[in-house]
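The values are calculated or read from the model by the stated rules, or taken from the named source; none is laboratory data. Since the model is a prediction, treat every value here as computed from it, not as a measurement. A quick note on method: Cβ atoms are made from the backbone with ideal geometry, for glycine too, and the neighbour counts reach across all protein chains shown. The accessibility values were calculated without ligands, DNA or RNA, using every heavy atom of the protein model including side chains. Shrake-Rupley method; radii C 1.70, N 1.55, O 1.52, S 1.80 Å.
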Amino acid sequence: MTAYDPNNIFAKILRGEFPCHKVYEDDHVFAFLDIMPRAPGHTLVIPKAPARNILDVSSEDFAHVARGARTIARAAKVAFGANGISLHQFSEAAGGQVVFHLHMHVIPRHDGVALLPAASRKEDTAVLEANAAKLIAALKQI
Ligand code: AMP
């Protein structure tokens with residue numbers, strides 16, 4: 001398998017070299033809004049440890065990501081009144097992966113509302129800021 005590339009965009013976000021709309025962080029994971037959300041509140045949870053995807057991540061780091069995704073999912077239900085949550089994880093190009101630092105998509109869902117196509121529209125910064133604030137507030141309630 002191809003080696004982890006420390007210059008991928010999410011590694012730069014983790015190092016603070018590239019901006020993001022952060023919603024959550026602990027010792028092991030970092031969560032921020034997807035800039036091309038497939039639904040409002042679409043969040044990415046990533047391990048702080050380098051891992052390309054499901055094929056090289058340690059079981060411990062993947063467990064940390066799963067725990068972080070659970071936290072974000074519960075906050076998203078509160079923040080956006082979601083009826084459900086979709087978790088997506090794509091590994092390698094054949095699996096649909098575009099950015100090669102492991103990430104779990106946490107996508108709030110509403111009854112009868114289809115996901116937007118992937119990477120179809122960059123969201124306005126003001127909307128991302130507002131949605132990050134809603135999630136951060138909800139994280140204090142769960
Ligand atoms: P994938 O690798 O296919 O699981 O998806 C990569 C995701 O990262 C897509 O949903 C993109 O919209 C998202 N994305 C790419 N660059 C950024 C960025 N700088 N900040 C936030 N999300 C991003």
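Yes or no: the range 114-126 includes at least one residue that is open to solvent by 50 Å² or more (accessible area, probe 1.4 Å), in a loop (DSSP other than H, G, I, E, B) and among the acidic types (Asp, Glu).
Within the range 114-126, one or more residues are open to solvent by 50 Å² or more (accessible area, probe 1.4 Å), in a loop (DSSP other than H, G, I, E, B) and among the acidic types (Asp, Glu).
Would you pick out the residues in the range 115-140 that are in contact with a Ser or Thr (Cβ under 8 Å, 6 or more places away or on another chain) and within 13 Å of the ligand (Cβ to nearest atom)?
Residue satisfying the conditions is Leu115 alone.
Can you pull out every residue in the range 99-114 that is within 23 Å of Lys134 (Cβ to Cβ) and either within 11 Å of the ligand (Cβ to nearest atom) or in contact with a Phe, Trp or Tyr (Cβ under 7 Å, 6 or more places away or on another chain) (or both)?
Within the range 99-114, His103, Met104, His105, Ile107, Pro108 meet the criteria.
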